[in-house]
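Read through the structure below, which is laid out as structure tokens, and then see the notes.
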């Protein structure tokens with residue numbers, strides 16, 4: 001009986017933890033791109049990757065004309081997928097990010113995301 005109670009308690013605890021992992025985060029309406037990026041970085045540092053992705057996605061949705069912030073958010077989402085070893089999702093995200101650097105607006109984009117994206121994309125392709 002004691003083993004059964006312990007098993008049920010462990011199963012309920014695991015279900016509670018797993019169900020919280022994908023809950024939507026509360027993204028403040030008036031937050032700036034820099035504030036959203038900071039919230040995302042804080043979430044990622046705590047191991048809350050899906051929350052981080054939601055904050056970065058808010059940057060993409062709310063500030064599509066802010067090209068430096070868009071590049072940062074796209075890179076970070078792709079990098080999260082790479083860290084999770086989800087290369088199937090990471091690769092097209094890096095490819096899409098790098099395609100921005102072939103556009104007429106490339107001079108306006110932060111160079112570091114191109115350099116880092118190319119390096120990580122090359123590592124993904126080595127793993128395939």
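Remarks
- Anisotropy class assigned to the range 28-127 is oblate, per the alpha carbon gyration tensor with a/c at or over the 1.5 cut-off and a/b no larger than b/c.
- Sorting the segments 38-48, 71-81, 87-97, 52-62 by their mean number of nearby beta carbons within 10 angstrom, highest to lowest, gives 71-81, 52-62, 87-97, 38-48.
Rule-based calculations on the coordinates, nothing more; no lab input. All figures in this text were calculated on a predicted structure; none of them were measured in a lab. All Cβ positions, even for glycine, are placed from backbone atoms using ideal geometry, and neighbour counts span all protein chains on display.
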